[in-house]
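Rule-based calculations on the coordinates, nothing more; no lab input. Note that the coordinates shown come from a computational prediction; the quantities given were computed from them, not determined experimentally. Every residue, glycine among them, receives a Cβ derived from its backbone with ideal geometry; neighbour counts consider all protein chains shown.
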């Protein structure tokens, strides 16, 4: 089992959030919060700082995932993995400019998710 | 000192008999030599003298034509009043010389255009005694003038009455030189407004500099431009101009410009573009949502599959997940494509294979997959069944072909031929069981392969020799229907 790293999931679809939560829990990670908007995430991040954020791009609030990450990274250098349905190049380029670690396209195979998370949280 | 021939009756000089004879002979020969009708009217006696040229123009003299007003009836009715008045005025107002142009009837009944020039000989009190003149037939010249005028009027009409707004401007001063009625009506400026303006004054502010820059090549032949003009009421219109250099009589460098108002056309084009853009966004959103919904179903099945430790129970769920991902990938490719209706099969196959290997194999590197593909572009109606067929064949190979084997390879070849697409998928596995007939096999995988092939009128050939090979030919004609 990996060390109990703290992960936040930002995903506006309940089922996808729940599935990712269960998959990460089974892998031994500690999901400390699930948020559906960028605004909720920015409030939460001030109180509980995770080791990793899994970030969707299309969110329910005014901020999208990339804008939320930009705001977070101004204060907290927290690693980010985007998990999104947006596979177009322009969105991908915007996301890459926010110093993210991975850009996974939905539907994400659990193995791919595990590999991406491990890449960020497992010390070399 | 007077020279011979310099005499004139009105200056009071009294010539000798010899000189008079010389003068008379000269007059006689000159009047014979000319083709003009020379006449001498004596107002006191009422007698009229005519030379031979008269006969040339008017034939024999009739009895009633020996009166001093003989020519009045021969003047064209439209000219008669004017000509008689001008002649009478000249006679009564003490003028020496009179001339006029008018139409005079010839002996054959037709009218000749003539120029009539005459001198009045007056007594010491200024009373006209005689009128001596010559009538020249100028019909040919007049006809040429009329034809020229008619031609000018005709071409003027082409410009003036042309339904297309047109104008002529001076290349050097940029002044409007001429404007037709259609331009006046279309722009709302009067002719005087136009003639007091330069062509830059009807340009939208931002266009003035480019216009001036463009005028540097103003001498070139037929050209076409797209600009914006301002009407008198301030309305800005989009126009297409076609212009041609023309040189007018005094050498002024000008261009003739025809103006086509394309405002409505541009607006319609913009509306079509906007509408198309909106539909593209909508279609993109549909693909995105379909893909997201498939991702949710995939995730739900994934959760359910995780609840089973037994492969027999879990595998059908994993296979269903792969079918869903196969379709989801189509929508992802469509979402990324420019047309939103076609995908690149080569790129799709690469992603499909990567996903399948990841989900079905514990070690992604243990199966070598070689893909050789032409750049085949498939319509969405063909892409989904095609993707599912390939998914099923690959699933079968990964799942069944390599049990107990270390050397594991799959080759995928896609070729675009003249009338069909040819897909060959082969593995180096153990081959099909001898008693296995793929077409009649009661498995979901084979049912999908043959059922979907029937749907797109594709033929499937399966060979089992040192592995298994599926050869699928998909006719293009049916693919595009």
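Structure summary
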read-out	value
Distance (nanometres) between label positions extended 7 Å along Cα→Cβ at residue B:214 and residue B:78	4.7 nm
Difference of contour (0.36 nm per residue) and Cα-Cα distance, residue B:164 to residue B:269	35.6 nm
Principal-axis tilt of helix B:17-33 within chain B, Cα atoms, nearest 10 degrees	30 degrees
Inter-label distance for residue B:447 and residue B:309, nm, one decimal - labels placed 7 Å from Cα along Cα-to-Cβ	3.1 nm
Residue order, fewest to most beta carbons within 10 Å, for B:87, B:471, B:275	B:275, B:471, B:87
Computed E for residue A:60/residue B:411 - FRET, C-beta separation, R0 56 angstrom, nearest 0.05	0.75
Shape of region A:3-56, Cα gyration tensor, a/c cut at 1.5	oblate
Percent RCO, i.e. relative contact order, over chain B, from Cα pairs under 8 Å lying at least 6 residues apart	7 percent
Three-way shape call for region B:269-396 based on the alpha-carbon gyration tensor, with the a/c threshold at 1.5	oblate
Fully extended contour minus Cα-Cα distance, from residue B:44 to residue B:192, at 0.36 nm per residue	47.6 nm
FRET E, pair residue A:15, residue B:244, Förster distance 41 Å, beta-carbon r, rounded to 0.05	0.05
Ranking of A:103, B:39, B:169 by count of other Cβ atoms within 10 Å, fewest first	A:103, B:39, B:169
Principal-axis tilt of helix B:345-360 within chain B, Cα atoms, nearest 10 degrees	20 degrees
Zone residues, region B:228-268, relative to residue B:206, backbone N less than 12 Å from point 7 Å out along Cα-to-Cβ	B:228
Average partner coverage of B:302-310, which counts Cβ from other chains inside 10 Å	2
Nearest 10 degrees, 0 to 90: helix B:444-455 Cα axis against chain B principal axis	20 degrees
Counting DSSP beta bridges with both ends in region B:351-481, the antiparallel % (nearest 5)	75 percent
Residue mean of other protein chain beta carbons inside 10 Å, B:282-293	2
Cα gyration tensor shape for chain A, rounded if a/c is under 1.5, else prolate or oblate	rounded
Label point distance in nm, residue B:27-residue A:30, each placed 7 Å from Cα along Cα→Cβ	14.4 nm
Contact order normalised by residue count of region B:352-462, Cα under 8 Å, 6+ apart, percent	29 percent
Centre separation in Å (Cα based) which lies between region B:379-430 and region B:124-192	84 Å
Within chain A, percent of DSSP bridges classed antiparallel, to nearest 5	0 percent
Modelled label reach - residue B:35, point 7 Å along Cα→Cβ, region B:143-157 residues with backbone N closer than 18 Å	B:143-145
Whole-number percent relative contact order across region B:231-292, with pairs defined as alpha carbons under 8 Å at least 6 apart	26 percent
Footprinting exposure proxy for B:100, B:315, B:69 (fewest neighbouring C-beta atoms within 10 Å first)	B:69, B:315, B:100
